[in-house]
Amino acid sequence: MLTLTRETGSVRDDTREPFDRRLSGLFDHALHELLRRELGRLSFLGADDREVLRRHLADFVARGGRRLRPAFVYWGHRASGGSPDDLGAVLAAGCSIELLHACALILDDVMDESPLRRGRTTAHLALAERHRELGWAGSSRRFGESAAILLGVLAFTWADSALLADRRRLADALEVFTQLRVELIAGQYLDLTCAARGGGDRREASLISTYKSGKYTVERPLHLGHAIAGGEPGLRRVLSAYALPLGEAFQLRDDVLGVFGDPARTGKPAGADLLQGKRTYLLTLARERADGPGAALLDALPGTGEARPDRLAAARDVIVATGALEEVERRIRGLTECAGEALSGADMPADARAALLGLARRLTLPHSTSAPHPTSAPHSASPPGPASSPHSASSPHSASSPGPASPPSSAASPGSADPAAGRAG
């Protein structure tokens, strides 16, 4: 897995458990083969245009992200008692979600006018710069945004191609994948309209985070694995009971990074959510609690571009002083514990339970770089969560790596926390 999205460059995290890296490697290989095949279909384009697609789409998919969603597909399949013979379908489904994720990120950057993604210039700005350098006619900005939208649509199309690569239980898998896409798009629309309207409350903020991020990061990938396995309906309900609180906790952790995250780790501008006027749960809560001058300061930041560091620092101080950060950290801990409790006594293989508990810890673990005031901020210490519960003991890793012909049976260690559990990893 890569430490990217809100992380930098294409540096891999080699601190993870051997199995974790092995699973990521299987998905990386499947993605590589898929992208090679899809790029081959574009032979009618000129060499320069094919290079643009390779650089700004294929490389973006292949070199970025932490493969979180494919991991949930795999463990949803394993938890549901799936057969090792299904591995090809599991890998295909994981690739499909990664391509949809790339589509969402590219389009999200256009809508947010984001300058950076994964520590690099965003596609729409890079393509606009290419237009300027070549002296082409028309608006460079318009060209860059239009071309990036087409890249996103192409990724969306490749996602279908990926799912079709192995048609095992395709009808059931496609039903889940369609629901995932509907929820993701509608959640993004809610986010867009809420920011434009202004106002909004915590209920609306939670709804946006659930549908824009939580469901498509955790719940639906698990359901996709469950569908490929032909799992029992009762187990699907268990997976949802685990996934829904975890998905919300994941988004809340991302909200914290969106305000307090270090750009060197997040790959995004400092205070990006403040500058974009995001109506996240954290910022909505802070606005509700802030006094007149504090609320005015938070409301004045959107639209200012790269705000002065002192104004961003003052806004962060307001968020901490209102207790909003502390409450969000408490909520993350509570939701993570709920996710772990949902797996207690569930009828699933022990390694799948341990891996899901480990993923819960990795997605929600606090990070010191996001703590503005380590002496007072509640997230300067690791919270209790499923990883510390009696059910979180991970089975030992096998000495040998599993081969691609059968799913690995070793669990991802709950302690193998990714150093940056950032947005849409």
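Taking the conditions exactly as written (open to solvent by less than 30 Å² (accessible area, probe 1.4 Å) and among the aliphatic types (A, V, I, L, M)), does V176 satisfy them or not?
Criteria met by V176.
Inspect all residues belonging to segment 232-251 and state whether any of them is open to solvent by 10 Å² or more (accessible area, probe 1.4 Å) and not in a helix (DSSP H, G or I).
Scanning segment 232-251 turns up at least one residue that is open to solvent by 10 Å² or more (accessible area, probe 1.4 Å) and not in a helix (DSSP H, G or I).
In segment 317-345, which residues are assigned to a loop (DSSP other than H, G, I, E, B) and surrounded by fewer than 18 Cβ atoms within 10 Å (Cβ to Cβ)?
G323, S344, G345
Please tell me if L107 is open to solvent by 10 Å² or more (accessible area, probe 1.4 Å), part of a helix (DSSP H, G or I) and in contact with a Gly (Cβ under 7 Å, 6 or more places away or on another chain).
Taking the combined requirement at face value, the residue satisfies it.
Filter segment 206-224 for residues that are surrounded by fewer than 24 Cβ atoms within 10 Å (Cβ to Cβ) and more than 14 Å from the chain's Cα centre (by Cα) and give the result.
S206, L207
Considering each of T217, T210, T193 in turn, give the residue that is without any contact (Cβ under 8 Å) to a residue 12 or more places away in the chain and either of a type in the set (V, I, T) or farther than 22 Å from E98 by Cβ (or both).
Of T217, T210, T193, the one residue that is without any contact (Cβ under 8 Å) to a residue 12 or more places away in the chain and either of a type in the set (V, I, T) or farther than 22 Å from E98 by Cβ (or both) is T193.
Tell me, which residue of segment 225-263 that is over 17 Å from the mean Cα position of the chain (by Cα) and β-branched (V, I, T) is nearest to T280 (Cα to Cα)?
Per the criteria, the residue is V238.
Looking at A314, A296, A354, which one is under 30 Å from R236 (Cα atoms), part of a helix (DSSP H, G or I) and either touching a Pro at 6+ places or on another chain (Cβ under 9 Å) or at pLDDT below 95 (or both)?
The unique qualifying residue is A354.
Return yes or no: is L274 of a type outside the set (V, I, T), assigned to a helix (DSSP H, G or I) and within 18 Å of the chain's Cα centre (by Cα)?
Criteria not met by L274.
Looking at segment 326-349, I want the residues that are more than 18 Å from L283 (Cβ to Cβ) and have a partner that is open to solvent by 30 Å² or more (accessible area, probe 1.4 Å) and of a type in the set (V, I, T) with Cβ atoms under 9 Å, at least 6 apart or on another chain. Which pairs are those?
A342/V238; L343/V238; A346/V238; D347/V238; M348/V238
The values are calculated or read from the model by the stated rules, or taken from the named source; none is laboratory data. Note that the structure is a prediction, hence the values are computed from the model and not measured. So basically every Cβ, Gly included, is an ideal-geometry build from the backbone, and we count neighbours across all protein chains shown. Each accessible area value is taken on the protein alone, full model and side chains, heavy atoms only, with ligands, DNA and RNA left out. Shrake-Rupley method; radii C 1.70, N 1.55, O 1.52, S 1.80 Å.
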